[in-house]
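Read-outs: derived from the displayed coordinates by stated rules, not from any lab. These numbers were taken from a predicted model, which means no experiment stands behind them. We place every Cβ from the backbone using ideal geometry, glycine too, and count neighbours over all the protein chains shown.
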């Protein structure tokens, strides 16, 4: 007996995408998608740049005309040359009886808390120095001083700073560590201008 071959189903004869609904489901070419993505990036980038340029602060012309004489006079406390311009406000100020104060940049560190939630300590310090020659030894050592103090601050707990005794011990530790860094120069005292625990 001979077997009859069954004809293939009608769906098998038509390649995909030729007729009807299958043609409507065809995906757009990859190049069109890439071009659309690049176009969107260009539009967004241009808009962001325009917003940045339009919102950036502009120098006030009226402020320059109001006080021309004050801007021309150099202040006594400012250092001359490029260093004064690069570092912003001068950290050195004169005190009574020839004492010099050197203001350190704000120090912020994550400290240990008993309950485990993040607690931060922000400290603003001023160093009392005997004269400006000591300040000249502090300035080049600022990265080392900052590292030493922040490392110490990370080991503190909020209860270490409670009361006048805690404040005194904190100042003494800061002074000892700074003197180690700038030796043979010496800091007379460390003054806490601001201390915030959050």
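So in the range 158-198, with the set limited to residues that are over 28 Å from the mean Cα position of the chain (by Cα) and not in a helix (DSSP H, G or I), which one is surrounded by the fewest Cβ atoms within 10 Å (Cβ to Cβ)?
184
If you scan the range 90-141, which residues turn out to be under 30 Å from residue 157 (Cβ atoms) and in a loop (DSSP other than H, G, I, E, B)?
Answer for the range 90-141, where residues must be under 30 Å from residue 157 (Cβ atoms) and in a loop (DSSP other than H, G, I, E, B): 91, 104, 105, 106, 112, 113, 114, 115, 116, 117, 118.
Going through 132, 139 one at a time, which residue ends up being on the phi < 0 side of the Ramachandran plot and surrounded by fewer than 14 Cβ atoms within 10 Å (Cβ to Cβ)?
132
Among the numbered criteria (1) buried (at least 17 other Cβ atoms within 10 Å of the Cβ); (2) closer than 20 Å to residue 186 by Cα, which single criterion is violated by residue 103?
(1)
Determine whether residue 148 is surrounded by 18 or more Cβ atoms within 10 Å (Cβ to Cβ) and touching a residue at least 24 places away in the same chain (Cβ under 8 Å).
When the stated conditions are applied, residue 148 does not pass them.
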